[in-house]
Amino acid sequence: MKALGIKWVYTAIILASFLAVFGSVTLRQLIIVSLLLTGAAYLADILILPAIGMLAAAIVDFGISFLVVWLFSGMYVGQTTALVVISLMVAYFFAICEALFHVYMKERVLPRREATIIPFPAMRYQMEASEEIYPEKDKKE
């Protein structure tokens, strides 16, 4: 939860810094976009970061942040050329912050998560052989 909170704070700061150019973006809309971006990027960090590494995950985060900001801010502001440029700038600064956040995730969050995964047993069965078919019945006689 701490990592998710850190991610939301810097996401909201970056979005507020750049989307403040448009006077029509309200605080509620800003919080909605930052929560959507935080959730999508955190899910990508949990799934993609251990598999492909930090650089590729930062590139994926750049794409995710550009699409989320461009699409969802476009619903509130309207699609303009300035929104595309601002979405690219948000994605750039978000990718820089994500590169630093990936170091934190690798050191603090992912080792704990990997430690809690219980591997599935190998399921190697062996037949047991014995002379007793009904052990309780044989003891009574």
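Assorted remarks:
- First in the range 14-37 and part of a helix (DSSP H, G or I), second anywhere and among the hydroxyl-bearing types (Ser, Thr, Tyr), Cβ under 7 Å, 6 or more apart: Leu15/Ser34; Leu19/Ser73; Gln29/Tyr76; Val33/Ser73; Ser34/Thr11; Leu37/Thr11; Leu37/Ser65
Every residue, every condition in (1) under 14 Å from the mean Cα position of the chain (by Cα); (2) open to solvent by 30 Å² or more (accessible area, probe 1.4 Å), yes or no:
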| residue | (1), (2) |
| --- | --- |
| Ser34 | yes, no |
| Thr38 | yes, no |
| Tyr42 | yes, yes |
| Tyr76 | no, yes |
| Val84 | no, yes |
| Ser87 | no, no |
| Ala91 | no, no |
| Lys106 | yes, yes |
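- Here Ser130 passes the criteria (1) within 23 Å of the chain's Cα centre (by Cα); (2) open to solvent by less than 100 Å² (accessible area, probe 1.4 Å); (3) at pLDDT below 75 except the one numbered (1).
- The residues of the range 44-58 that are hydrophobic (A, V, I, L, M, F, W, C) and either under 11 Å from the mean Cα position of the chain (by Cα) or loosely packed, with under 13 Cβ neighbours inside 10 Å (or both), listed by number, are Ala44, Ile46, Leu47, Ile48, Leu49, Ala51, Ile52, Leu55, Ala56, Ala57.
- Ile64 in contact with a helix residue (DSSP H, G or I) (Cβ under 8 Å, 6 or more places away or on another chain), at pLDDT 90 or above, of a type in the set (Val, Ile, Thr) and open to solvent by 10 Å² or more (accessible area, probe 1.4 Å): yes
The values are calculated or read from the model by the stated rules, or taken from the named source; none is laboratory data. Note that the structure is a prediction, hence the values are computed from the model and not measured. Backbone-built Cβ (ideal geometry, glycine too); neighbour counts: all protein chains shown. Accessible surface is based on the protein model in full, side chains and every heavy atom, while ligands, DNA and RNA are left aside. Shrake-Rupley method; radii C 1.70, N 1.55, O 1.52, S 1.80 Å.
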